[in-house]
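Visitor: Got a structure here, written out as structure tokens. Questions coming.
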């Protein structure tokens, strides 16, 4: 039965249920137990934001706090996966990828290919990303395009509590390395989530909203931003279709192209930077494969090509919001802005 | 006659509001109880609201395109001689006293879990508080759940107690169906009756649920007061291989939508939300195996394995069979195979889901059948 629960709890539940189902599933990372100095295991923090809380109490031998050495434990995850475990490692902030990228780029991503298909690497690297919580430029980036660029890795960016649980379960069951991106501003978002375990297949976009006037492609937290914009636009008589690819690798090109075929217009909303990014990738896809369907130029709504600012005023200006999305949609549909809207 | 309110119905566990699509009748028109008055769309499915009683449609209160909460006033029905000021006052009073249900607090009747043979069986038990007579027991079809009865439950629940069941492998019940044989499904229903202390019941079954009800009546006629079968399995050999295999195999919205469309006569009955709901069910661990086990045993290669219309020839268990003439899953011609004495009702412009497509007809036919079968 479905009941309302948070994005954060959905992720926690996915790990617990998979650990229950498959004893090869293990969890490690910095402070994922978080019991240091606490009087008992039930007091253990379970990660800086409590996403792994409760796992240590249930599976004390299968969750491990690691030293502050991403190179060591991300490498250990790749090795453990190649030799029979199904590790779920946590990279606290994706901004720290720089110190463990070889383990991902040249090891985990390549094992299957380099060993002629004789090795599998069923590891999941969960990681927090995203701006909007005043965490400054080294803890706020949206770096999924960097991983999407690397063949051999699957990249997941959930936008709802329901998707987070089903996609994380699929990530754990998948035989390839998966980078699972959790937007920190979504952890408290609630939604209907079944108590039972379920898996959402990769490469299957979710049409979050139907509409005939414009296709908005968005990921992660930007799906909610697009929905907010769509509500405003509906009041102006513009019906937006919102497509959430859910995974950037593999990518469900078909659903995106079919939507563009219907609407003839595309706006891509992305929290990652504009250069060589997800928005540019989707825009290129549409330009190459759906040019004949387009009635207007493609628009992308992204942050500028700058670090994420620490100043709250600048950070708010940096992240795409509903007003920017609505403005881009009005531009491609040729609609006038309502009075009072710049 | 007194003035009557026609209100936004509650179709299913999760419905909180509906949108007026189209008025089907004009103000001043005479209506009979059960006439379709207004088309309403919900998150999951569209349907028609029916007149609660005979009278004249005096006032269409809700506008087309308007979205209103469950229970909100849609129209006023009454004596054509009523003067306009009286109707105005009635509308004002109804709207002033209306309290929209809180989406979180009033989710309607709650489901419960019953343990049967180590399996969790989800049920919805509802009905008038003072009714302790034999209940209606509703058994859904292959791949369905108790929410499939969303359009008929509100009406039936006014008249008598009812228990809607999620069969094993379905809805909120355990997904383990063992070898998928019929006995697992009939056992779950009998187990619910035992657990609820129900000695005898009126069974209502759709499709596979019709076969489940028939098998229970044949094996335990002492526990069944009447059978109401809606497009039931078990009467003839054919069943759509496109539907069964398509339903089992579908993993995406795109694959599932055309399959679900086969359930209905009219195009466009299947909404995106309905497809999503079924897809969410299909993704649950164990569902794929359960559906394959049930279909593999009972509906292999477009043939039904368990066929015996003679089971309906029960002296003490009156049976009613309702079928849509445009049924694309199990042919309506199977209705001709029933033994003498079984009442058959064929509905025009109706597919495999009469309880969704013709909820008013199904409500009345079953209610009358059950009433006729009540023991002295």
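Read the figures in this text as sums done on the coordinates, not as results from a lab. It should be emphasised that the depicted structure is a prediction, and the values quoted were computed from it without experimental measurement. Cβ coordinates were reconstructed from backbone atoms using ideal geometry, including for glycine residues, and neighbour counts include every protein chain displayed.
Visitor: With the contact rule set at Cα under 8 Å and sequence spacing of 6 or more, what percent relative contact order holds for the stretch B:168-235? List each step's numbers first, then the result.
Guide: Numbers: 86 pairs, mean separation 19.4, N = 68.
Reported as a whole number, the value is 28 percent.
Visitor: Another question, then. How many Cβ atoms of partner chains, on average, are near each residue of A:251-260 if near means within 10 Å of its Cβ?
Guide: Mean number of neighbouring Cβ atoms from other chains: 1.
Visitor: Still on this model: Within 10 Å of each Cβ in A:187-196, how many Cβ atoms from other chains are there, averaged over the peptide?
Guide: Values: counts 0, 0, 0, 0, 0, 2, 1, 6, 2, 9.
Average neighbour count from other chains, rounded to a whole number: 2.
Visitor: Mind sorting B:323, A:45 by how few other Cβ atoms lie within 10 Å of their own Cβ, fewest first?
Guide: Ordered by Cβ neighbours within 10 Å, fewest first: A:45, B:323.
Visitor: Is the stretch B:1-77 best put as rounded, prolate or oblate by its Cα gyration tensor, with a ≥ b ≥ c the root eigenvalues, rounded for a/c under 1.5, and otherwise prolate when a/b is larger than b/c, oblate when not?
Guide: Cα axes put the stretch B:1-77 in the prolate bin.
Visitor: Quickly rank B:211-219, A:309-317 as a protection proxy: mean count of other C-beta atoms within 10 Å, highest first.
Guide: The densest-packed peptide leads the list: B:211-219, A:309-317.
Visitor: Next question. So what's the convex hull volume per residue for the Cα atoms of the stretch A:83-155, in Å³?
Guide: On the way: hull volume 6.1 nm³, N = 73.
Cα convex hull per residue, to the nearest whole number: 84 Å³.
Visitor: So how do A:140, A:6 line up by other beta-carbon neighbours within 10 Å, fewest first?
Guide: Details: A:140 26, A:6 17.
With the sparsest Cβ surroundings first, the list reads A:6, A:140.
Visitor: Where does helix B:208-219 land angle-wise versus the long Cα axis of chain B, in degrees 0 to 90, nearest 10?
Guide: 60 degrees
Visitor: Please work out whether the stretch B:265-365 counts as rounded, prolate or oblate from its C-alpha gyration tensor, where a ≥ b ≥ c are the square roots of the eigenvalues and a/c under 1.5 means rounded, while otherwise a/b larger than b/c means prolate and anything else oblate? Numbers along the way, then the final one.
Guide: Numbers: a/c = 2.18, a/b = 1.30, b/c = 1.67.
Note, shape of the stretch B:265-365 comes out oblate.
Visitor: So what are the stretch A:234-333's ellipsoid semi-axes, whole angstrom, largest first, if each one is the square root of 5 times an eigenvalue of the alpha-carbon gyration tensor?
Guide: On the way: eigenvalues 115, 59, 26 Å².
Listed largest to smallest, the semi-axes of the stretch A:234-333 are 24, 17, 11 Å.
Visitor: Can you pull the one-decimal nm distance between simple spin-label points at residue B:241 and residue B:308, each 7 Å off the Cα toward Cβ?
Guide: Here the answer is 2.6 nm between the modelled labels.
Visitor: Calculate the spin-label point distance for residue B:371 paired with residue B:67, positioning each point 7 Å from the Cα along the beta-carbon direction, and give it in nanometres.
Guide: Label at residue B:67, label at residue B:371, 3.8 nm between them.
Visitor: When chain A is modelled as a GNM with alpha-carbon springs shorter than 10 Å, which of A:282, A:256, A:238 fluctuates the most?
Guide: Of A:282, A:256, A:238, the Gaussian network model singles out A:238 as fluctuating most.
Visitor: Gap in Å between the Cα centre of the stretch A:51-78 and the Cα centre of the stretch A:279-321?
Guide: Rounded to whole Å, the Cα centres lie 36 Å apart.
Visitor: For q = 0.10, 0.15, 0.22 Å⁻¹, what log10 I(q)/I(0) does the stretch B:174-267 give under the Debye formula with an equal point scatterer on each alpha carbon and no solvent?
Guide: -0.35, -0.72, -1.14
Visitor: If I take R0 = 22 Å and measure r between the Cβ atoms of residue B:112 and residue B:288 in this structure, what FRET efficiency does the formula 1/(1 + (r/R0)^6) give, to the nearest 0.05? Present the calculation step by step, with values, prior to reporting the outcome.
Guide: On the way: r = 26 Å, r/R0 = 1.19.
The computed FRET efficiency comes out at 0.25.
Visitor: Just the number, please: Stokes-Einstein D of chain B in µm²/s, Kirkwood Rh from C-alpha pairs, 37 °C, 0.692 mPa s. Don't jump to the answer; show the numbers that get you there.
Guide: Values: Rh = 21.3 Å.
Answer, rounded: 154 µm²/s.
Visitor: Going 7 Å from the Cα of residue A:23 toward and past its Cβ, which residues in the stretch A:55-84 have a backbone nitrogen under 13 Å from where you end up?
Guide: Only A:61-62 fall inside the zone, counting backbone N under 13 Å.
Visitor: A further question follows. By how many degrees, between 0 and 90 and to the nearest 10, does the Cα long axis of helix A:253-263 differ from the longest principal axis of chain A?
Guide: 20 degrees
Visitor: In whole Å, largest first, what are the principal axis extents of the Cα atoms in the stretch A:212-251?
Guide: Result, largest extent first: 35, 19, 6 Å.
Visitor: Using 1/(1 + (r/R0)^6) with R0 = 41 angstrom and r between the beta carbons of residue B:93 and residue B:129, what's the FRET efficiency to the nearest 0.05?
Guide: Numbers: r = 26 Å, r/R0 = 0.64.
The formula returns an efficiency of 0.95 here.
Visitor: For the stretch B:3-58, what is the relative contact order in percent, using Cα pairs closer than 8 Å and at least 6 residues apart in sequence?
Guide: Values: 93 pairs, mean separation 19.4, N = 56.
Computed over the stretch B:3-58, the figure is 35 percent.
Visitor: Then there's this: Give, in nm to one decimal, the length gained when the segment between residue B:84 and residue B:255 is fully stretched (0.36 nm per residue of separation minus the Cα-Cα distance). Intermediate results must be reported in sequence, preceding the final value.
Guide: On the way: separation 171, 0.36 × 171 = 61.56 nm, distance 5.25 nm.
Length gained, residue B:84 through residue B:255: 56.3 nm.
Visitor: Report the relative contact order of chain A, percent, no decimals, based on alpha-carbon pairs under 8 angstrom and at least 6 residues apart.
Guide: So the answer I get is 16 percent.
Visitor: For peptide A:197-210, how many partner chain Cβ atoms fall within 10 Å of a residue's Cβ, on average? The partial results should precede the final answer.
Guide: Details: counts 4, 8, 3, 4, 3, 0, 1, 5, 2, 2, 4, 0, 1, 3.
Going residue by residue through A:197-210 and averaging, the value is 3.
Visitor: Using label points projected 7 Å from each Cα along Cα→Cβ, tell me how many nm separate residue B:21 and residue A:49, to one decimal.
Guide: The modelled label-to-label distance comes out at 4.1 nm.
Visitor: Rounded if a/c is under 1.5, else prolate if a/b beats b/c, else oblate: with a ≥ b ≥ c from the C-alpha gyration tensor eigenvalues square-rooted, which is the stretch A:122-211? Spell out each step's value before the answer.
Guide: Values: a/c = 1.59, a/b = 1.12, b/c = 1.43.
Oblate.
Visitor: Of all beta bridges DSSP finds with both residues in the protein assembly as shown, what is the antiparallel percent, to the nearest 5? Kindly include the intermediate steps, with their values, before the conclusion.
Guide: Details: 45 of 101 bridges.
Counting DSSP beta bridges with both partners in the protein assembly as shown, the antiparallel share is about 45 percent.
Visitor: In addition: Alpha carbons only, please: Rg and Dmax for the stretch B:259-305, in angstrom.
Guide: My reading of the Cα-based Rg and Dmax gives 13.1, 33 Å.
Visitor: As I understand it, the value is the acute angle between the Cα axis of helix B:84-97 and the longest principal axis of the Cα atoms of chain B; what does it come to in degrees, rounded to 10?
Guide: The angle comes out at about 60 degrees.
Visitor: Could you line up B:23, B:156 from fewest to most neighbouring Cβ atoms inside 10 Å? Don't skip to the answer; put the middle values down first.
Guide: Numbers: B:23 17, B:156 24.
Ascending number of Cβ neighbours within 10 Å: B:23, B:156.
Visitor: Write down the Å³ per residue value for the convex hull defined by the alpha carbon atoms of the stretch B:70-204. Write out the running numbers ahead of the final one.
Guide: Values: hull volume 19.8 nm³, N = 135.
Taking only Cα atoms, the stretch B:70-204 has a hull volume of 147 Å³ per residue.
Visitor: Another question, if that's okay. Give me the base-10 log of I(q)/I(0) for the protein assembly as shown at each q in 0.05, 0.08 Å⁻¹, Debye formula, one uniform scatterer per Cα, rounded to two decimals.
Guide: -0.29, -0.74
Visitor: Right, another one. Which values of log₁₀ I(q)/I(0), to two decimal places, follow from the Debye formula for chain A at q = 0.15 Å⁻¹ with a uniform point scatterer at every Cα?
Guide: Log-scaled intensity ratios, in q order: -1.25.
Visitor: Could you work out the helix-only [θ] at 222 nm for chain A, with each DSSP H run of four or more residues adding -39,500 (n - 2.57) and the total divided by the number of residues, to the nearest 500 deg cm²/dmol?
Guide: Details: 11 runs with 111 residues, N = 342.
The helix contribution divided over chain A gives -9500 deg cm²/dmol.
Visitor: Express as a percent, rounded to the nearest 5, the fraction of DSSP beta bridges in chain B (both residues included) that run antiparallel. Present the calculation step by step, with values, prior to reporting the outcome.
Guide: Details: 34 of 57 bridges.
Percent antiparallel among DSSP bridges in chain B is about 60.
Visitor: For the stretch B:1-159, what is one quarter of the convex hull surface built on the Cα atoms, given in nm²? Can you show the working numbers first?
Guide: Working: hull surface 45.6 nm².
Dividing the Cα hull surface by four gives the mean projection, 11.4 nm².
Visitor: Quick check on the stretch A:206-333: of the DSSP beta bridges with both residues there, what percent are antiparallel, nearest 5%?
Guide: The antiparallel proportion sits near 20 percent.
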